[in-house]
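To start, the structure itself, in structure tokens.
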């Protein structure tokens with residue numbers, strides 16, 4: 001769901017090297033995303049283990065490496 005983007009900022013002077021920047025696009029909270037999450041096999045497995053597990057928990061689980 002989350003996407004990692006990276007791009008290079010060029011050097012602007014002799015004193016500054018080019019830089020590699022990485023950004024992460026996290027999914028927004030919408031009904032369409034909740035439906036998509038609900039169809040994922042990992043979500044279904046985790047939901048079967050704990051009935052209190054929900055789409056928000058799944059997002060936190062997926063995005064925690066970026067937070």
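The values are calculated or read from the model by the stated rules, or taken from the named source; none is laboratory data. These numbers come from a predicted model, not from an experiment. Positions of Cβ are backbone-derived with ideal geometry, glycine not excepted, and every protein chain shown enters the neighbour counts.
Structural remarks
- Test for residue 27: is it within 15 Å of residue 60 (Cβ to Cβ) and surrounded by 10 or more Cβ atoms within 10 Å (Cβ to Cβ): yes
- Residues that are loosely packed, with under 10 Cβ neighbours inside 10 Å and modelled with pLDDT of 90 or more, drawn from region 30-59: 39, 41, 48, 49, 50, 51, 52
- For region 13-62, a tally of residues being out of contact with any strand residue (DSSP E or B) (no Cβ under 8 Å at 6 or more places or on another chain) and either part of a helix (DSSP H, G or I) or touching a residue at least 40 places away in the same chain (Cβ under 8 Å) (or both) returns 26.
- Residues of region 45-63 satisfying the condition of being farther than 24 Å from residue 24 by Cα and in contact with a helix residue (DSSP H, G or I) (Cβ under 8 Å, 6 or more places away or on another chain): 46, 53
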